[in-house]
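Visitor: Mind having a look at this structure? Questions to follow.
Read the figures in this text as sums done on the coordinates, not as results from a lab. Keep in mind that what you see is a predicted model, and the values were worked out from it rather than measured. Note that each Cβ is placed from the backbone with ideal geometry, even for glycine, and that neighbours are counted across all protein chains shown.
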Amino acid sequence: MSKTLHVTTSVPTLPALSAQAERLVELGVHEVAGLSAAEIRAFAEANAGANAGADGALLAVHPDRAPASALAPLLSSEGKPGFVVVDMPDVDLFAPIDTITLPSTPLYLLTDVDRGDHMANWSPDEALPALAADSRTPLLLSEGIHWALQQPAALERNHCYMTIGSRLRKANGALDARTPALWFSNGTGRDGRERRNAPKVGWCWAGNRHTWLSFASATDRRGQAAL
């Protein structure tokens, strides 16, 4: 598949970092991460404003502090909490791919987060080199959940996204063929009817295409104003 240049989607701009900090505190993410509410707020304040280059950035907690399994139930739609599919019990073992180096700070920023709608119906194997060629980095699963927590409109029916920055490496060094993604449950199979329309953390094969899944990415990660 030929490369398509980066196209900005219509997802609303993220709230100010101060509002994102309050959202994390409201959800109790700071407690999951072993941080105080004051530390979350101080990081947001230190990085706020155009001078810090953080306008529109996403505030994320390092996955070592707040893993996907702890964040997924905080997602919500129609009053239903998010969940991880039952055949992904190893969700927290999915780690950054070799091309991604995370900031060493417990809190960091992602700039210019995008859903990548122009890449819908691409496979993960096709999307990864195209993102790299466009100087973009794919989101980790935990980062993708952070985005949906802060901007629920980023996740919508028929416009959901994969987070191919996270992969599981087997004991022999090869990558597991599963690639994580966020979408909405149809309430079928082992999800259960009661979970219809609930936000869902699941996976797809790295070589498969899906018309309703694109590829979330950013331009950079920054751990400014380390705590």
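Visitor: Just grab the label-to-label distance for residue 134 and residue 175, each label 7 Å out from Cα along the Cβ direction, in nm (one decimal).
Guide: Those two pseudo-labels are separated by 1.7 nm.
Visitor: Report the residues of segment 188-210 in range of a label on residue 86: point 7 Å along Cα→C-beta, backbone N strictly under 15 Å from it.
Guide: 188-196
Visitor: In the chain, what percentage of the DSSP-assigned beta bridges are antiparallel, given to the nearest 5?
Guide: 85
Visitor: In whole percent, what relative contact order does segment 17-222 give with Cα contacts below 8 Å and a gap of six or more residues?
Guide: Relative CO of segment 17-222 lands at 27 percent.
Visitor: Same structure again: Among 136, 167, 23, determine the one that fluctuates most according to a GNM of the chain built with springs between C-alpha atoms less than 10 Å apart.
Guide: Maximum fluctuation in the GNM of the chain, among the listed residues, is at 23.
Visitor: Here is a further query. Please give the charge dipole size of segment 17-222, origin at the Cα centre, charges +1 on K and R Cβ atoms and -1 on D and E Cβ atoms. Round to the nearest 20 debye.
Guide: About 500 debye.
Visitor: If you don't mind, another one. Thinking of segment 145-227 as a set of Cα atoms, what percent of all their pairs are more than 14 Å apart?
Guide: On the way: 2360 of 3403 pairs.
For segment 145-227, the fraction of Cα-Cα distances above 14 Å is 69 percent.
Visitor: If you don't mind, there's one more thing I want to ask. Rank 98, 191, 125 by mean-square fluctuation in a GNM of the chain with C-alpha springs under 10 angstrom and give only the top-ranked residue.
Guide: Answer for the Gaussian network model of the chain: 98.
Visitor: Would you mind telling me which residue in 166, 214, 76 has the biggest mean-square fluctuation in a Gaussian network model of the chain, where springs connect alpha carbons within a distance under 10 angstrom?
Guide: 76
Visitor: Dipole magnitude of segment 88-164 about its Cα centre, charges +1 at Lys/Arg Cβ and -1 at Asp/Glu Cβ only, in debye to the nearest 20?
Guide: The calculation lands at about 180 debye.
Visitor: What's the center-to-center distance, using Cα atoms, between segment 171-227 and segment 25-101 in Å?
Guide: Answer, in whole Å: 15.
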